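The values are calculated or read from the model by the stated rules, or taken from the named source; none is laboratory data. In this text the structure is predicted, and so the values were computed from the model without any measurement. Here the Cβ positions follow ideal geometry from the backbone for every residue, glycine too, while neighbour counts run over all protein chains shown. To get the accessible areas, we keep the full protein, side chains included, count just its heavy atoms, and leave off ligands, DNA and RNA. Shrake-Rupley method; radii C 1.70, N 1.55, O 1.52, S 1.80 Å.
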Amino acid sequence: MESSATFNRALSTVFSFQVMLAFLLGSLIWILAWGKNNDPDIWWHMRNAEYLIQTHHFPNQDMYSFTAEGDPWINHAWLAEIPYYLAWRTGRLLGIDILWISVAELIFGGLLYLCWRSSGNLKASVVACGLCSFLAVVSFGPRTILFGYACLVALQIVLERFRSRGRGPLWLIPPLMCLWINTHASWPLGFMVFGIFVASGLFEGQWGRIESVRWSRSALTKLIVTGAAGAAAVFVNPFGWLLVRYPIDLGSKQKLNVAHIQEWMSVDFHEARGKIILLLLIGLLMAAMVRKKTWRLAEVGWLMLAIVMGLTYVRFLFFLAIIAAPILARFLDFIPPYDRKSDRPLINLVAIGSLLFAGIQYYPHPSEAVLEEMLAEEYPVQIVEYLKSHPPAGRLINDYLWGGFLIWHDRDLKVFIDSRVDIFEYAGVFADYVDLVDIKNVDQIVDKYKIRYVLFSANGRLTRLLEHDPNWKPIYRDSLSVLFEKTNLKTDL
């Protein structure tokens, strides 16, 4: 009898409704993550990590292009590159896929905890995380920024524990900021969140449904010391002040990058993503008017910051998702809470088993072969072998999105450009590339860089132009790419 009771308790715990809900959220993240393994940065990230591991030196100048070769460059995500490289060494594309999806699941696990702390309702928390995952999907893929968002969630957990208990592991924040700056340049978000958190406690009062409680002298002292230690910690990096300055340079000097790269574009409300964001904002507004819930002053500041950044630059929609989810969960607390007495472990087990069966039976298996096929739909996989067996006898202009892929797969080829936009904008190369894809000054750009070959998408505007230009001939073509060679070479080539 005792063993039977122990088994029933274990069954109730392992297959509780709470576990089933968490499994459901994890399944949603996995479904949304499927097929998003084609980030163009991952290839040069791995090349950097390989160089670091093999030489024990940080790359501090361009080594991969002929247009910016030797120019100084800061590898601002060096620490996040190493796990991806090791994942490739261990499991190639499948290893990378498992790594980044695991990081995404970890982020949402922490976010689920924050939502539960905010609402006390696990059902509402899962719904809030599920809704906000459709915003976060913009940053899904093998990207170093995921490590930055993992640091953000960890920071919010520490701050929430300090706010709710009057104490918390603030000592974790300085090493967390040190880790953050070495993994991704999004670390200023951490100081913005921390700064709003501290500043909100400088005021005491209630303004409508917004309230704030003043910090005690002891708590404020701890926060100030923590902030100062965190500010000092970001200087613990291989590049010193230069890495700290990098986000400032991005915002002030990389104008073409921000103007032309898709993830720096503003939200388009005509697209499905824009409509989801609009519904989320309308829902929060309606909830604020109808539901008699108080807002903490810090929450208002965080949400305003996240809305401005998320609507201005789509890459920060994940940031908006992380900030909005705990607030949304609290407004969804009308959903009936979890009741342990009505829990049915066997039904939960069947539900979990059904999800697993459906995933195995009807969803594509994430095998290496499947991932290779998906890769070939986005990158010039077939032409790599041709380039290795027929090395170009001159300089080649390549598609911007393919630069990193070529850097990783053809070590002897120097590219024209890749997705390290910063160094190419400083060198003036990115401006020329923008003109090139807009069919402006094509001949002048070709002559300027002494170009003999052009490798572009088979459906690109430049490809259609060169197909009708007698000075160019296609020497290789597949379903995705075309390689052109110039026929009337100048003598200085």
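Tell me which residues, restricted to region 475-493, are farther than 16 Å from residue 393 by Cβ, open to solvent by 70 Å² or more (accessible area, probe 1.4 Å) and either modelled with pLDDT of 95 or more or not in a strand (DSSP E or B) (or both). The answer is 479, and nothing else.
Scanning region 122-136 for residues that are under 25 Å from residue 185 (Cα atoms) and open to solvent by 20 Å² or more (accessible area, probe 1.4 Å) yields one hit, 134. Residue count for region 366-401 under the criterion of being modelled with pLDDT under 90, hydrophobic (A, V, I, L, M, F, W, C) and exposed (fewer than 14 other Cβ atoms within 10 Å of the Cβ): the result is 1. Restricting the first member to region 444-463 and to residues that are assigned to a helix (DSSP H, G or I), and the second to residues that are among the small types (Gly, Ala, Ser), the beta-carbon pairs closer than 7 Å and six or more apart or on different chains are 463/457.
Within region 15-41, residues that are touching a residue at least 24 places away in the same chain (Cβ under 8 Å) reach partners that are among the acidic types (Asp, Glu) and not in a loop (DSSP other than H, G, I, E, B) with beta carbons closer than 6 Å, at six or more positions or on different chains, in the pairs 26/105; 29/105; 37/97. Among the residues of region 410-435, those that are basic (Lys, Arg) and open to solvent by 20 Å² or more (accessible area, probe 1.4 Å) comprise 411, 414. Can you find, within region 64-82, the residue that is farthest from residue 177 (Cα to Cα) among those that are part of a helix (DSSP H, G or I) and touching a residue at least 60 places away in the same chain (Cβ under 8 Å)? Among them, the one singled out is 81. Take region 293-316 and flag every residue that is under 17 Å from residue 115 (Cβ atoms) and under 16 Å from the mean Cα position of the chain (by Cα). Answer for region 293-316, where residues must be under 17 Å from residue 115 (Cβ atoms) and under 16 Å from the mean Cα position of the chain (by Cα): just 306. For region 436-461, which residues satisfy the criterion of being surrounded by fewer than 18 Cβ atoms within 10 Å (Cβ to Cβ) and of a type in the set (Ser, Thr, Tyr)? Within region 436-461, 449, 457 qualify. Here is the figure for region 210-234: residues that are surrounded by 12 or more Cβ atoms within 10 Å (Cβ to Cβ) and either under 13 Å from residue 185 (Cα atoms) or of a type in the set (Val, Ile, Thr) (or both) total 6. Within region 272-292, restricting attention to residues that are of a type in the set (Lys, Arg) and within 25 Å of the chain's Cα centre (by Cα), the residue that is least open to solvent (accessible area, probe 1.4 Å) is 273. Across region 292-337, the number of residues qualifying as outside any helix (DSSP H, G or I) and hydrophobic (A, V, I, L, M, F, W, C) comes to 4. In region 46-58, the residues that are under 14 Å from residue 76 (Cβ atoms) form Cβ pairs under 8 Å with partners that are outside any helix (DSSP H, G or I), at six or more places apart or across chains, as follows: 48/59; 48/75; 52/58; 52/59; 58/75; 58/238; 58/239. Taken over region 127-173, the criterion of being part of a loop (DSSP other than H, G, I, E, B) and more than 17 Å from residue 225 (Cβ to Cβ) is satisfied by 140, 141, 142, 143, 144.
If you filter region 63-82 down to residues that are farther than 25 Å from residue 234 by Cβ and touching a Lys or Arg at 6+ places or on another chain (Cβ under 9 Å), you find that the one that is most open to solvent (accessible area, probe 1.4 Å) is 69.
Let's see how each residue does on (1) out of contact with any strand residue (DSSP E or B) (no Cβ under 8 Å at 6 or more places or on another chain); (2) of a type in the set (Gly, Ala, Ser); (3) touching a residue at least 40 places away in the same chain (Cβ under 8 Å); (4) surrounded by fewer than 19 Cβ atoms within 10 Å (Cβ to Cβ):
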| site | (1), (2), (3), (4) |
| --- | --- |
| 120 | yes, yes, yes, yes |
| 138 | yes, no, yes, no |
| 151 | yes, no, no, no |
| 169 | yes, no, no, yes |
